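For reference, the structure discussed in these notes is given below.
The values are calculated or read from the model by the stated rules, or taken from the named source; none is laboratory data. Note that this is a predicted model, so its numbers are computed, not measured. Here the Cβ is made from the backbone with ideal geometry for all residues, glycine too, and neighbour counts use every protein chain on show.
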Amino acid sequence: MNRIATLAAAALLPTLVAAQQAPPVDPASSMETKLQILLDREEIRQVITNYGLAFDMQGWDLHRSVFTIELQMDFTASA
């Protein structure tokens, strides 16, 4: 594994650990809510996987696809 891929993997490790340690789905939740939580988790896993694959394959189109085109952040609550 080249240095950049190693650094990328190291940077993603906390995210992967957090994804694996996600809190369990509340048994009282509706089936629709449970399904949405599982779909959201799978989508996050897929983005993380694609990020790593993009570096390994040097697939820069795939690499760009894991990032959002537009981002808006509001820090007023932290001021």
Show the residue pairs meeting these rules: Cβ distance below 6 Å; 6+ apart or different chains; first residue within segment 27-45 and under 24 Å from Val66 (Cβ atoms); second residue outside any helix (DSSP H, G or I) and among the hydrophobic types (A, V, I, L, M, F, W, C). Ile37/Val25
Scan segment 56-65 and give yes if some residue there is surrounded by 13 or more Cβ atoms within 10 Å (Cβ to Cβ) and either in a loop (DSSP other than H, G, I, E, B) or touching a Gly at 6+ places or on another chain (Cβ under 7 Å) (or both), otherwise no. yes
List the number of the failed condition for Ile44; all other conditions in (1) modelled with pLDDT under 90; (2) assigned to a helix (DSSP H, G or I) hold. (1)
